[in-house]
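Working notes, beginning with the structure itself.
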Amino acid sequence: MNAPEILSDVPLAPRTTLGVGGRARRLTRAALDGLPALVLDAARRGEPLLVLGGGSNLLIADAGHCGLAIELTARGRTTQDEGEHVLVRAEAGHDWDDLVAWACREDLAGIECLSGIPGRVGAAPMQNIGAYGQEVGESLVSVEALHTETGERRLFSVADCELGYRTSRFKHREAGRWLVTAVTLRLLRHGAPALRYAELTRRAHDELGGSPSLGQVRALVLAIRRAKSMVLDPEDADARSAGSFFTNPVVDEAAVDAVRAAARARGIDGPVPAWPTAKGIKLAAGWLIDRAGYPPGWGDGPAGLSSKHALAIVNRGGATARDVVGVATRVRRGVRDAFGVHLIPEPVFVGFEAGPDPSAVLDAAEQDL
Ligand code: EPU
């Protein structure tokens, strides 16, 4: 095997969907067999690692990444029969939506509602991707990963992944320690599509009738996402984003009451969107942002809110990471002032002076407002 070529001083902005941020000091494209040597070499040099998937949940600082960025080139999937289920093992560099499209064509249920999520397979367990009432954790069996300091290869069962709402051990408790190399899912042959999300259920019923196929539900999910500019589309300026910029806050009953009271005081009609979960009550960050005075389209600078969804921050052209952080900081402060709710950013932040914790980055920026 030839050692992978390493490039110096490579712009990262074009490798992210937001399109902001500086350069990587070094960047390489590597298949699985070249990885252990690369990570060990980087560890020896004390160089931070950045694994680039689709760059769709990433905010790179203007200063860039001072270490090695790795683009995983391994693609492909294999299947194994398990009676009524099929085990599907996909390489981390495989395009996520390509995998979903294939599963729907093969009539394999379990990930159909996750259609149109940008990025690579390896990012799916990182933040337990979810949409329209389904999460990858429901069909995940195991994750293969490589230790970024020792090169050790390890198989994590789904229970070991510590999955939660948009989180896992790989994103939080052990952030930066593991590089996901492959993912195995268990999908149900001829299973019915998951229709749990109100808008999806209603439209499936109205537009597709009694028992829609996985492919039909996939098409519907893609249509709903497209209407919110949550599908990558070079022609759509509102899609130059990192998807939802904040997670939906999970709070206690008292906090929901406070939001309701604040909403009434602001003359806001209608119910406050809120869903009970095992960990507390989930509020809609998009609603809070919108009603706090930051509606879709807000902001007159190069970065602002998507004209279709207040939860997505978009690069309208020529934005810097500083502009994006500025918008996020204002919006977060506005929601806190209006409703007493603290929003937590969803994307992974890289290269910021305040460190890797996105909330710390916004705290630091808030001092300068
Ligand atoms: N809303 C507003 N104004 C807005 C946007 C939303 O009032 O500008 C209200 C909506 O009317 C609705 C509520 O907020 O009552 C929730 O909005 P939506 O149904 O669009 O879903 P979301 O909670 O904003 C989440 C995920 C998305 C996922 C969708 C569909 C998070 C942080 N976001 O969005 O995931 O696609 O549900 O399931 O959980 C992502 O994580 O990047 C992502 C796009």
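The values are calculated or read from the model by the stated rules, or taken from the named source; none is laboratory data. Since the model is a prediction, treat every value here as computed from it, not as a measurement. Because the Cβ atoms are built from the backbone with ideal geometry, glycine has one as well, and the counts that use them run over all protein chains shown.
Quick notes
- LYS279 meets each of the listed conditions (1) of a type in the set (Lys, Arg); (2) surrounded by 14 or more Cβ atoms within 10 Å (Cβ to Cβ); (3) more than 10 Å from the ligand (Cβ to nearest atom) apart from (2).
- Scanning segment 252-272 for residues that are under 15 Å from GLY340 (Cα atoms), among the charged types (D, E, K, R) and free of Cβ contacts under 8 Å to residues at least 12 places away in the same chain returns ASP257, ARG264.
- Scanning segment 330-369 for residues that are buried (at least 20 other Cβ atoms within 10 Å of the Cβ), assigned to a helix (DSSP H, G or I) and out of contact with any Gly (no Cβ under 8 Å at 6 or more places or on another chain) returns VAL331, ARG332, VAL335, PHE339, PRO358, LEU362.
- Residues of segment 317-369 classified as free of Cβ contacts under 8 Å to residues at least 60 places away in the same chain, among the hydroxyl-bearing types (Ser, Thr, Tyr) and farther than 14 Å from GLY299 by Cα, total: 1
- Meets criteria (over 17 Å from LEU179 (Cβ atoms), among the small types (Gly, Ala, Ser) and in contact (Cβ under 8 Å) with a residue 40 or more places away in the chain) for ALA31: no
- Among the criteria (1) within 14 Å of the ligand (Cβ to nearest atom); (2) at pLDDT below 95, the one THR150 does not fulfil is (1).
- Flag: VAL256 matches the condition of being within 16 Å of the ligand (Cβ to nearest atom), closer than 27 Å to GLN127 by Cβ and not assigned by TED's automatic domain parsing to the domain that holds TRP96.
- Single match in GLU47, GLU135, GLU112 (criterion: at negative phi and in contact (Cβ under 8 Å) with a residue 60 or more places away in the chain): GLU112
- Scanning segment 300-341 for residues that are away from the ligand (no atom under 16 Å from the Cβ), within 12 Å of ALA365 (Cβ to Cβ) and among the aliphatic types (A, V, I, L, M) returns ALA321, VAL325.
- Leading residue by the ranking (surrounded by the fewest Cβ atoms within 10 Å (Cβ to Cβ)) among those in segment 20-68 that are in a loop (DSSP other than H, G, I, E, B) and within 16 Å of the ligand (Cβ to nearest atom): SER56
- Failed item, numbered, when GLY133 is tested on (1) touching a Phe, Trp or Tyr at 6+ places or on another chain (Cβ under 9 Å); (2) farther than 18 Å from ARG218 by Cα: (2)
- Listed by first and then second residue, the pairs with beta-carbon distance under 6 Å, at least 6 apart or on different chains, first residue in segment 273-287 and without any contact (Cβ under 8 Å) to a residue 40 or more places away in the chain, second within 9 Å of the ligand (Cβ to nearest atom) and assigned to a helix (DSSP H, G or I), are PRO273/TRP287.
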